[in-house]
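Student: One structure, pasted below without further comment.
FYI, it's all coordinate maths here, none of it is from the lab. These numbers come from a predicted model, not from an experiment. FYI the Cβ positions are ideal-geometry reconstructions off the backbone, even for glycines, and counts take in every protein chain you see.
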Amino acid sequence: MSLMRNLNRALTATTGLQVRRAVPAAPPQSKKTASATKPAKRPTPVYRCPAPEDLETDRLLRQPVFIMSPVRSGSTLLRMLLNAHSRLHSPHELHIRRLEVDHGSKLSQRAMSALDLERGDLEHLLWDRVMHRELVRSGKDFIVEKTPSNAFVHRRISDCWPDARFVFLLRHPVSIAQSWHEGDPDKRSYDEAAADALRYMKAVDNARKDLTGGHTVRYEDITADPEKEMRQLCMFLDLDFEPAMLEYGRKDDTQVVKGLGDWRDKIRTGSVQAGRALPTEDEIPELLRPMCRAWGYSS
């Protein structure tokens, strides 16, 4: 004990830090007990949307591009095509919305508030710094982020980057559900996959209604005529089309990772492959019919 006191005195004198004895690990809990003691979800953090004149100091990124899409809708293919452009960098899914900031003390919170930085503002600075770092490392001009769950926080992303540009990627809802089920059939039945994927579809649909001025593209159109769709998308992004986009290159295991995007054989080929046949009307479950109609896949 005296050794730890002496060590703390030395550390405090030089760094202001202290060493604390590790707390013994708690015994494992049953699933029922763990569920009962699960901490409450943190409230939505307070943040401000930077005014145009504040962007130069508040954000490093300029005009980031966000692909808003459901799971299993072809977003990995789209990001591969865009990443093959000399001015666009589209890495694997970054899941930035799960990066959170917390205050270590009340004094820290007061200090940040005095700088007009609440918890949400600090998180936005972190998100911006992480993405800017990745962009600088690529040597390109604009970053493209494609994590499907971004659709659930589309308004916050728009507030974080007021100059962001949005691409909405759609696919036949039944094809999405089938692909989501086939990705892990032991984990999700088809009905479970359809219900889960529908959450993402609804989030993307809400984003399309809330965020004006975006560009919508369909997976089926990309696979049918990739050059036409990439030309239109480049026009939206105010970039010249580059033919090299259509042959994005064969990808290995270090570039295509399960959990961070599509990882299966088709995406590894390095070029656009034909999509699956569209489902017939009889193959559309009742659960997905409203979304099929909303997206123009069914009458």
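Student: For segment 67-74, just list the computed ³J(HN,Hα) in residue order, Karplus coefficients 6.51, -1.76 and 1.60, θ = phi - 60°, integers in Hz, with x standing in for Gly and Pro.
Tutor: The phi angles translate into 8, 9, 8, x, 4, 6, 10, x Hz.
Student: Report the Cα centroid-to-centroid distance between segment 139-217 and segment 118-138 in angstrom, as an integer.
Tutor: 21
Student: In addition: Distances over 31 Å make up what percent of all Cα-Cα pairs in segment 64-294?
Tutor: The answer is 25 percent, as a whole percent.
Student: Grab the eigenvalues of the alpha-carbon gyration tensor for segment 193-232, scale each by 5, take roots, and send me the semi-axes largest first in whole angstrom.
Tutor: 23, 16, 4
Student: Is there a pair in LYS106/LYS140; LYS140/LYS187; LYS140/LYS228; LYS106/LYS146; LYS41/LYS187; LYS106/LYS187 whose C-alpha atoms are over 31 Å apart, and which pairs would that be?
Tutor: The pairs that break the limit, which is 31 Å between Cα atoms, are LYS106/LYS140; LYS140/LYS187; LYS106/LYS146; LYS106/LYS187.
Student: Given a Förster distance of 41 angstrom, what is the FRET efficiency for ARG110 paired with THR280, based on the Cβ-Cβ distance and rounded to 0.05?
Tutor: Calculated value: 0.10.
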